[in-house]
Amino acid sequence: MSDPLFPDGDPRPAGDGRDDAPARYETANRDQIELQPCDLEALLPPGHAARLVWRFVEGLDLSAFYATIRAREGRAGRPPIDPKILVALWLYATMDGVGSAREVDRLCYSHDAYRWLRGGVSVNYHTLSDFRVAHQAALDDLLTQSIAALLQRGIVTMARVAQDGTRVRGSAGAGSFRRGETLAECLRQARKQVERVQKQADTPVNARVDAAQQRAAAERMARVEEALAQLPAIEATKQRQKGKRPTEARVSTTDPDARVMKMADGGYRPAYNVQLATDVDSRTIVGVAVTNLGSDRSSLVPMLAQLRTRTGRVPGAALVDGGCFTREAITDAAAQGVTVYAPLSTRRGGPTAKPKRTDSPALREWRQRMGTPDAQQLYKERAATAEWINADARTHRTLTAIPLRGLAKVHTWALWIAVAHNMIRTLEIVPHLMT
């Protein structure tokens, strides 16, 4: 009987058995390069968060960012990346809890949302990192814009503003703090290192490596010089300490602006003090300040001045923690028309409800006011607003440990978080603006 598969006979050579021959099959080859067509616009569904971020950025005035572009029509030079793309990438990354430029770089080529925001433009972590810290004034203006839009619509009322500070771990190492004599020796060693690197550059082997070594040596010497410059001010502060045994002044050689502060867990680590002021009604951040002071007592008056500059008005009421004010600050705030709600202390020597002969009229009113149940109930809104903002920033907005050095860069980092938070609040409160 003939085989139905081979009616004319088996075409295979004799002796080539079906069961004995090696099996043939296709296997994976992951070394080959595939070119796949991709429609970026089809990557994300309508209403995706990345699309909303882009629409939010399109509504901002980014003229301060564009003014820094040196490439002009009719001139030689490679055009830089559109600032709108970089602003959108960092806002989305901050909202997504990503704080590393290298991680954003990776996501720009592996994650659909970042790929869509990138829009086919090549980015790298150097460009992302430099852009994040290079536009502090422009970012501060973006924060003002986000507040003004909600203020104009009556969503931000400035009726009550809650202020709270949080200590954020700095980039300085705990063992990098040095006394004056050790700093002087570090400076001598840093200068010798710069000289050695410059001599090596005279006989270059790898230009890129030589340039990196020169840059690293110069940056280290600059940080040590800055640490020595800040040492006298720290020594003066130590001498002014009352009731405490003054300790010898030390400055970090990796981040001269960082100071050792008491953290929320009771430990002491190099940190920065980030102050956020929040509109109670809209839960929008209306003020950002970063200092390297371990105490919050001098933070109220500067924040009120910032709010007046940013919004053209001061809040009707300021809800502050017990460590965020002084008696002079309450008097100053009352002169500006601001009613301060701050807790009375039951500790010995702390502010109590009982008036004192040295009290100003504003202090007497504050003591009487905080003794009433209505004021105490209103003060509870501070924890539900300011502390919620800080907790959200720590949990979702990378405000835990800041991998940047210097007050200016840390301030810029905090501004990114504030603008991203206000963007989210805008999308939640006024969703029709994004449609």
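Worth a mention:
- Note on the chain: helix-only mean residue ellipticity at 222 nm, from DSSP H runs of 4+ residues weighted -39500 (n - 2.57) and normalised by residue number, equals -14500 deg cm²/dmol.
- Cross-link reach list, aspartates and glutamates versus Lys199, counting only Cα pairs under 16 Å and skipping chain neighbours closer than eight places: Asp210
- Simple point charges give the picture: +1 on the Cβ of Lys and Arg, -1 on the Cβ of Asp and Glu, and for the chain a dipole about the Cα centre of about 3140 debye.
- Each part reduced to its alpha carbon centroid, region 272-320 and region 58-97 end up 29 Å apart.
- Degrees, to the nearest 10: 136-152 long Cα axis against longest axis of the chain: 80 degrees
- Each residue of region 307-313 is assigned a 3J(HN,Hα), and the resulting list reads 5, 5, 5, 6, 10, x, 8 Hz, derived from the Karplus form 6.51 cos²θ - 1.76 cosθ + 1.60 (θ = phi - 60°), x at Gly and Pro.
- Mean shadow area of region 34-95 over all directions, Cα convex hull, nm²: 6.8 nm²
- Shown is the FRET efficiency for Ser63 and Tyr25, computed with R0 = 51 Å from the Cβ-Cβ distance and rounded to the nearest 0.05: 0.25.
- Principal axis dimensions, region 224-338 - Cα atoms, whole angstrom, descending: 44, 29, 29
- With the charge dipole of the chain set up from +1 on Lys and Arg Cβ and -1 on Asp and Glu Cβ about the Cα centre, the Cα lying farthest toward the positive end among the listed residues Val209, Met221, Leu117 is that of Met221.
- Summed residue charge, Cβ within 14 Å of Glu181's Cβ, Lys/Arg positive, Asp/Glu negative: +1
- Residue-by-residue Karplus 3J(HN,Hα) for region 314-324, coefficients 6.51, -1.76, 1.60, Hz, glycine and proline x: 10, x, x, 9, 10, 9, 10, 6, x, x, 9
- GNM top mover of Pro22, Pro403, Pro80 - the chain, alpha-carbon springs below 10 Å: Pro22
- Relative contact order computed over the chain (Cα-Cα under 8 Å; 6+ residues apart), in percent: 20 percent
- Kirkwood hydrodynamic radius (C-alpha pairs) into Stokes-Einstein, region 298-390, 20 °C and 1.002 mPa s, D in µm²/s: 156 µm²/s
- Annotation: extensible slack from Ala134 through Tyr268 equals 45.2 nm (criterion: 0.36 nm per residue apart, minus Cα-Cα distance).
- Sequentially through region 25-33, phi angles give Karplus couplings (6.51, -1.76, 1.60; θ = phi - 60°) of 7, 9, 10, 6, 10, 8, 8, 6, 9 Hz, Gly and Pro residues having no value and appearing as x.
- The slack between Glu181 and Ala335, meaning 0.36 nm per residue of separation minus the straight C-alpha distance, is 50.7 nm.
- Across the alpha-carbon set of region 265-311, the Rg to Rh ratio works out to 1.04, Rh being the Kirkwood radius.
- Counting 0.36 nm for each residue step from Arg70 to Asp82 and taking away their Cα separation leaves a gain of 3.1 nm.
- 0 to 90° range, to nearest 10: angle between helix 180-201 axis and the chain longest Cα axis: 30 degrees
- Electrostatic tally near Ala42: other residues with Cβ closer than 15 Å to its Cβ, Lys and Arg +1, Asp and Glu -1, net -1.
- Relative contact order (%) - criterion: Cα under 8 Å, at least six apart; region: region 248-302: 27 percent
- Shown for the chain: the carbon plus sulfur share of the solvent-accessible area, taken with all protein chains present and a 1.4 angstrom probe, equals 50%.
- Environment charge at Arg78 (Cβ cut-off 13 Å; Lys +1, Arg +1, Asp -1, Glu -1): +3
- Solvent-free Debye scattering, log10 I(q)/I(0), computed from the Cα coordinates of region 60-125 at q = 0.19, 0.20, 0.25, 0.28 Å⁻¹: -0.78, -0.84, -1.10, -1.24
- Space enclosed by the convex hull of the alpha-carbon atoms of the chain, per residue, Å³: 313 Å³
- Other-chain or far-sequence residues with amide H under 5 Å of Thr284's (modelled H): Asp279
- Candidates Thr331, Thr284, Thr203: whichever shows maximal mean-square fluctuation once the chain is modelled as a Gaussian network with Cα springs under 10 Å: Thr203
- Debye-sum result for region 127-172 in log10 I(q)/I(0), which assumes one identical scatterer on each alpha carbon, at q = 0.20, 0.31 Å⁻¹: -0.91, -1.03
- Kirkwood's formula applied to the C-alpha pairs of region 165-229 gives a hydrodynamic radius of 13.5 angstrom.
The values are calculated or read from the model by the stated rules, or taken from the named source; none is laboratory data. Quick caveat, the model's predicted, so the values are computed rather than measured. Cβ sites come from the backbone with ideal geometry, for glycine too, and all protein chains shown count toward neighbours. Areas reflect the complete protein model, heavy atoms only, side chains present, ligands, DNA and RNA absent. Shrake-Rupley method; radii C 1.70, N 1.55, O 1.52, S 1.80 Å.
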